[in-house]
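A quick write-up on the structure given underneath.
The values are calculated or read from the model by the stated rules, or taken from the named source; none is laboratory data. No experiment lies behind these values; they were computed from the predicted model shown. When we count neighbours, we look across all protein chains shown, and the Cβ atoms used for this are built from the backbone with ideal geometry, even at glycine.
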Amino acid sequence: MSLFERDTVAAVKWMSSPVQGLGLKRPIDMLGTRAEVNAVLDLIGRLERRVLV
């Protein structure tokens with residue numbers, strides 16, 4: 001939520017939309033395995049640090 005400044009609507013929209021940094025997969029669809037969850041968390045960390053993805 002900190003990535004979206006506590007904006008729940010923005011967070012839900014991001015989780016439900018294809019994301020380039022995840023190979024155009026939706027983050028919500030990548031919660032099935034530990035590796036996928038780690039990929040989403042890694043991307044969030046990079047976005048918070050403003051690292052280009």
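Below is a table of values for the structure above.
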{"read-out": "Number of positions in the stretch 3-29 that are over 9 Å from the mean Cα position of the chain (by Cα) and in a helix (DSSP H, G or I)", "value": "9"}
{"read-out": "Selection from the stretch 1-19 of residues that are at pLDDT below 95, loosely packed, with under 13 Cβ neighbours inside 10 Å and either at positive phi or not charged (D, E, K, R) (or both)", "value": "M1, S2, E5, R6, T8, V9, V12"}
